[in-house]
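First the structure, in the form of structure tokens, and then the observations on it.
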Amino acid sequence: MKILVCISNVPDTTTKVKFVDGDTKLDTNGIQWVINPWDELSLTRALELKDDASTGVKSVTVAHVGLATSEPTIRKALAIGADDAIRVNADPTDAYNVAAQIAEVVKKEQFDIIMCGIESSDFNSSAVGSMVAEFLGMPSVSAVSNLKIENGTAVITREIDGGKEIISVPAPFVAIVQKGIAKEPRIAAMRGIMMARTKAIKLYEPVAIDALTETAKFEMPAARAACKFVDAENPKQLIELLQAETKLI
Amino acid sequence: MSVLVYTENWDGKFKKSSFELVSYASKVAEMMGTSAVAVSIGNVDEAELKLLGNYGAQKVISVNQDNLKTLDSQAYTSAIASVAEKIGAKVIVVANNNSGKSIAPRLSVRLKAALGAGVSKLPISTSPFTVYKRAFSGGAYADVVLKTDVKVITLAQNSFDVIETANNAVIEKMDISVDAPKTQVKEVQKQSGKLLLTDAEIVVSGGRGMKSADNWAPIVELADLLGGATACSRPVSDEGWRPHDEHTGQTGKIIAPNLYFAVGISGATQHIAGVSSSKYIVAINNDKSAPIFEVAQYGIVGDAQKVLPQLVAAVKEIKGK
Ligand SMILES: Cc1cc2nc3c(=O)[nH]c(=O)nc-3n(C[C@H](O)[C@H](O)[C@H](O)COP(=O)(O)OP(=O)(O)OC[C@H]3O[C@@H](n4cnc5c(N)ncnc54)[C@H](O)[C@@H]3O)c2cc1C
Ligand SMILES: Nc1ncnc2c1ncn2[C@@H]1O[C@H](COP(=O)(O)O)[C@@H](O)[C@H]1O
């Protein structure tokens, strides 16, 4: 079995974002780029599955759609333990376009399990994984909190409102992962870092596919009213304020 | 031409969020000079379907067949895409919840329709069709132009109020054949009767400042008294003080209640990413410089152990309990 983990390159989650060019582009000055947290966890789970010989998982590949500037993030994934990496050389500006590029990669290389995160921390679209599946006519399972392989078949736990479902699905399929998929992200060891330096990142040129959306501009969140403080000696006043002003109590 | 809205049901019933969705779709339809049509999948009785009319749906299409018994994203996509094509839908509105997220992107590809995901307002304009959506995990918002003739929108939860109208929806049963699902649900583990965190209008949430699992009683009591749900920060669920399904934030649940109490929570960006769409945030923290006060509208600088019991007492008094 071959697993593909799709990784998105995002600003570190503590970044306070700013915009340039008439608020149409992210100001990348001083930004630390990281693997999207979900993708780090899905890579971790893929490697755990590979470590367990009974699963029959032979390789874990990472794929990223992005420009050469995101190579350090791809190297990080290799250092953590991915066997190889693919980069599609395109600026990721639209989920539809990104998914179409990944689908092309899958058509050429053939994977049994494709893992995507539930959302990227920059675009927050929750879209790429399901779109890849639809482009390929494959089943997809969303909100996956556990993925096991038992006797060659994938057994998935899906989170639903107030509970869980255990689902079986034939490969190939797309799993869109969320909290629970792995406990802690695996960290690159020295050996991995050394090995990652020499691993080649396979480069694909993008296929011509139009983006369906365009970001006209970014805006900062609406400013919130300043905090009204209530004296700690008189908490009751807080409840009275909430009752009078928010009418929610 | 019309606006199609997919209304999910829970054991044959709709929720307030379904009505918000229909209200939203009706307003979008109005902006486009057309009407809203709802599609329901599964076994929902006529009286329940009729309810959708009260929020502006002119017509409710009901699809019920064996291959749609469990949520298989391919089967559901086929069914909704067929309905959309039959009625010539220009915009398809879906909830931005787990089911919506598994269907909407597939619809986008199937119909080659641009997707606006996690939209939290009515479109800014219909020509070009521009939506307002969350980006950078709440650190910013984006005005996104949907460039295709047909569009798919997922509406962020709790971002639109219900609007009641006097209107009698026509109910139509539609037969749509879809292929047998490839995914098979083997087992369902469900906790019923509990108010879901994502549905709650009031949420009382505790962080590491609560010090120990043993200190949670007043948080639970306050939530119960207010008809709300409980939540927590990530370290709290990591420690096992509270169940994982309460973990709120970027890597947990993203919620948007009307009132969010953050007790002993510092307000790290990753936590705020999950709660920044709350209408009001109330912070209780003994550190005046905690970042949570920058996003809160109401605050008490004080010890949670002392403040919480007094809040509980005050609510009891107001509610006459
Ligand atoms: C990739 C990534 C993703 C993450 N995702 C999430 C996420 O989804 N959700 C999340 O919550 N975190 C997340 N985190 C962790 C986040 O960065 C913070 O560490 C976490 O939110 C802190 O939790 P806390 O506020 O409960 O604890 P702390 O930061 O320890 O804050 C405790 C607060 O309690 C106050 N306090 C102490 N004693 C009292 C008292 N007696 N009375 C009142 N107040 C008191 C303190 O002043 C302090 O402000 C993530 C981190 C990373 C790196
Ligand atoms: N540029 C990209 N390259 C590869 N995978 C991506 C890219 N963008 C998003 N993904 C994948 O899609 C998931 C969801 O992203 P999004 O649809 O942007 O919220 C991410 O967690 C990744 O697994």
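Numbers for the structure displayed
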{"quantity": "Hits in the stretch B:48-90 - residues which are of a type in the set (S, T, N, Q) and either within 14 Å of B:ASN167 (Cα to Cα) or touching a His at 6+ places or on another chain (Cβ under 7 Å) (or both)", "calculated": "B:ASN54, B:GLN58"}
{"quantity": "Test: residue in the stretch A:194-213 that is modelled with pLDDT of 95 or more, more than 7 Å from every other protein chain (Cβ to nearest Cβ) and in contact with a Ser or Thr (Cβ under 8 Å, 6 or more places away or on another chain)", "calculated": "yes"}
{"quantity": "When residues of the stretch B:228-247 are limited to those that are farther than 15 Å from B:THR198 by Cβ and of a type outside the set (Asp, Glu), the one farthest from ligand 1 (Cβ to nearest atom)", "calculated": "B:GLY240"}
{"quantity": "B:LYS321 being within 12 Å of another protein chain (Cβ to nearest Cβ), of a type outside the set (Ser, Thr, Tyr), more than 16 Å from ligand 2 (Cβ to nearest atom) and part of a loop (DSSP other than H, G, I, E, B)", "calculated": "no"}
{"quantity": "Any chance B:VAL109 is of a type in the set (Val, Ile, Thr), out of contact with any strand residue (DSSP E or B) (no Cβ under 8 Å at 6 or more places or on another chain) and within 7 Å of chain A (Cβ to nearest Cβ)", "calculated": "yes"}
{"quantity": "Residue in the stretch A:66-119 that is nearest to ligand 1 (Cβ to nearest atom), counting only those that are more than 14 Å from chain B (Cβ to nearest Cβ) and among the polar types (S, T, N, Q)", "calculated": "A:THR73"}
{"quantity": "Residues that are in a strand (DSSP E or B) and away from chain B (no Cβ under 14 Å), drawn from the stretch A:35-65", "calculated": "A:SER59, A:VAL60, A:THR61, A:VAL62, A:ALA63, A:HIS64, A:VAL65"}
{"quantity": "Every pair of residues 6+ apart whose Cβ atoms lie under 7 Å, when the first sits in the stretch B:189-208 and is part of a loop (DSSP other than H, G, I, E, B) while the second is of a type in the set (Asp, Glu) and at pLDDT below 90", "calculated": "B:LEU196/A:ASP161"}
{"quantity": "Considering residues of the stretch A:203-228 that are within 20 Å of B:VAL145 (Cα to Cα) and among the hydroxyl-bearing types (Ser, Thr, Tyr) only, the residue surrounded by the most Cβ atoms within 10 Å (Cβ to Cβ)", "calculated": "A:THR213"}
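The values are calculated or read from the model by the stated rules, or taken from the named source; none is laboratory data. Small disclaimer: the values here were computed from a predicted structure and weren't measured. Heads up, the Cβs are rebuilt from the backbone with ideal geometry, glycines too, and the neighbour counts pull from every protein chain shown.
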